[in-house]
Amino acid sequence: MPHVLSIERIAEKRSREEGLQEGRQQGLRDCLIEAMALGLELRFGESGAGLSALVEKITDLDRLRKIKRAIAEGASLDAVAGLIE
C-alpha cells in the first residue's frame, strides 16, 4: 500500500504544479490585457479604447506581447488593430 500512497502524492504534486502554472499564465494574461487597455486608451483615445474588448478575447500570450510591444513602440492605430483582429 505505501507505493499507492507515493503514486498518489506524486500525482497530487503534479496536479498542484500544473494548477499553479495555469494560474500564473492567467495572471500574466490579465496583466497584459489591463496594460494594453490602458495603453490603447492613452495613445489612441476612444478609438483605442474600443479595441480593448477585442484584446480581452485573445488567449495567446505571445500574441498579446507582440501587440503590447507594437503599442509601446508607437505603431499606428491601424497597425495595432491589424495585430488584434
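What follows draws every value from the coordinates through simple rules; no lab data is involved. Quantities reported herein were computed from a predicted structural model and do not represent experimental measurements. Methodologically, a virtual Cβ is constructed for each residue, glycine included, from the backbone with ideal geometry; neighbour enumeration extends over all protein chains shown.
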Please build a GNM for the chain, connecting alpha carbons under 10 Å apart, and tell me which residue among Glu73, Glu46, Glu12 fluctuates the most. Glu12
Give the distance, in whole Å, between the Cα centre of the range 1-40 and the Cα centre of the range 53-85. 25
Springs between alpha-carbon atoms under 10 Å, Gaussian network over the chain: tell me which of Glu34, Glu22, Glu56 tops the mean-square fluctuations. Glu22
Relative to the longest principal Cα axis of the chain, at what angle does helix 2-44 sit, 0 to 90 degrees, rounded to 10? 10
Given Cβ charges of +1 for Lys and Arg and -1 for Asp and Glu, the option among Ile7, Leu61, Ala75 whose Cα lies farthest towards the positive end of the dipole of the chain is Ile7
Rounded to the nearest 500, the 222 nm mean residue ellipticity computed for the chain from DSSP H runs (n ≥ 4, each -39500 (n - 2.57)) alone is -27000 deg cm²/dmol
For Arg29, Arg14, what ranking results if the residue with the fewest other Cβ atoms within 10 Å of its Cβ goes first? Arg14, Arg29
No solvent, one uniform scatterer per C-alpha: report log10 I(q)/I(0) for the chain via the Debye equation at q = 0.10, 0.15, 0.21, 0.24 1/Å, two decimals. -0.37, -0.57, -0.89, -1.07
